[in-house]
Amino acid sequence: MRPLQDTTRSRVSALRSIPREAAATTLPAFHPMPSHLLESARHTILLVDPVDVNRSLLKGILKAGSYRLLEARNPVEAMVVLEREAVDLIIAEVMMPEISGMEFCRRVKRNRRTQLVPVLLVTNLNGVENEVAGLESGADEFLTKPLHPLIVRTRVRAMLRNKMAFDSLEEAETILFALAQTIEQRDKETSHHCQRLAALSVALGIAIGLPEEDLVALHRGGYLHDIGKIAVPDEILFKQGRLTDDEWVIMRGHTLAGEAICRPMKSLSQVLPIIRNHHEKWDGTGYPDALAGEDIPLLARVLQLADIYDALTSTRSYKEAFQPARAIEILEREAAEGWRDPELVSVFCEIVRQPGFLTRGTELFAAQTDEAEVDEGLKGMRESLSRMSRELLR
Ligand SMILES: [Fe+2]
């Protein structure tokens, strides 16, 4: 058996000396960017109004804000601008010929690229019903003319503050997902495991009637469940043969480390039980909490079945890919031995027997997992994260 390197040995003893609960909380806290720094960034605002004097008026009101102001005379021109510019806020007139401001707003919110850009609608139309219609079209705010400069400036600042907070959250999530995929790529054998796992878990989630928010959590869990493996050195993660007791401590720690990495992101709170508990067993012999039966979070049980099935039906250095029928047999045997939720295994085995079952899990999130776009956008980030993780593990 290959001896552990000194650095690994000290990491083992360090991890063992930390109580289990504490080990999950030793990462430094995540501090969001202070709001005064968010406000100091130079923002781009797109003004959409067919009347020149109206756009000039808005430009005058926003002059002191050192914003970068772009103009469009109609929604068609505006969409062209949105295609090539990163816009932080749109201020659009409701009354426009051909395409109204409300219809324009609906188009902005339907477009995946622009859906998070806040829209402020302005109009001459009075009445609650107009305001309600404007907000129902997806507008984030609604102002009635005559415009009061102070109100406009205050509203714009508040909307930009929210946009920056969203952007910062989105960037943090993007980094986490890139990190998760970098970890996956450390093991060439598990190529595209995360994508398949996400699709498989969502397919099972649909089959048992889970609500959409749980399907979203499963989809994210497919990518993030093993993010804690960043804390597991290669010589343990890829070791041929049995792990020693010390090595198992580190390997099992990936569940708690993953939870600690994702915990600061409130948007990932639904995914945390998946990350922490995807190695529990129905009879209580799993880890890290030795939970049994229905005490194991349902989403963790769902993802676990998909994880095992995908591992069984994929090629590994130590085994050929099993045929689906053989993988089903193994899952049913594990349920009979008391390791897996028997009812869930029945449903899972039933759905994987159906042709095209994976398509349902893939289609639901097709918009969020545009492979080409994700690959292109995250390539550089993955490379630098890969370098970082190698440094950290050295
Ligand atoms: Fe895992």
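The values are calculated or read from the model by the stated rules, or taken from the named source; none is laboratory data. Please read all numbers here as calculations on a predicted model, not as lab measurements. A quick note on method: Cβ atoms are made from the backbone with ideal geometry, for glycine too, and the neighbour counts reach across all protein chains shown.
Descriptive notes on the structure:
- In segment 270-285, the residues that are free of Cβ contacts under 8 Å to residues at least 24 places away in the same chain and part of a helix (DSSP H, G or I) reach residues that are more than 13 Å from the ligand (Cβ to nearest atom) and not aromatic (Phe, Trp, Tyr) with C-beta atoms within less than 6 angstrom, at least six apart or across chains, in these pairs: Asn277/Ile296; Asn277/Pro297.
- Checking segment 175-184 against the condition returns no match, with no residue being away from the ligand (no atom under 13 Å from the Cβ), assigned by TED's automatic domain parsing to the domain that holds Asp307 and of a type outside the set (Lys, Arg).
- Taken as a whole, segment 169-190 holds at least one residue that is more than 13 Å from the chain's Cα centre (by Cα), farther than 30 Å from Gly127 by Cα and not in a helix (DSSP H, G or I).
- Applying the criterion of being closer than 21 Å to Ile261 by Cβ and surrounded by fewer than 23 Cβ atoms within 10 Å (Cβ to Cβ) to the residues of segment 195-218, the residue that is nearest to the ligand (Cβ to nearest atom) is Gln195.
- So Glu171, is it within 22 Å of Glu259 (Cβ to Cβ), outside the structural domain of Ile275 (by TED's automatic domain parsing) and charged (D, E, K, R): yes
- Of residues in segment 221-245 being within 15 Å of the ligand (Cβ to nearest atom) and in a loop (DSSP other than H, G, I, E, B), the one farthest from Ala199 (Cα to Cα): Leu243
- Here Ala260 meets the list (1) assigned to a helix (DSSP H, G or I); (2) within 14 Å of the ligand (Cβ to nearest atom); (3) not polar (S, T, N, Q) almost entirely, failing just condition (2).
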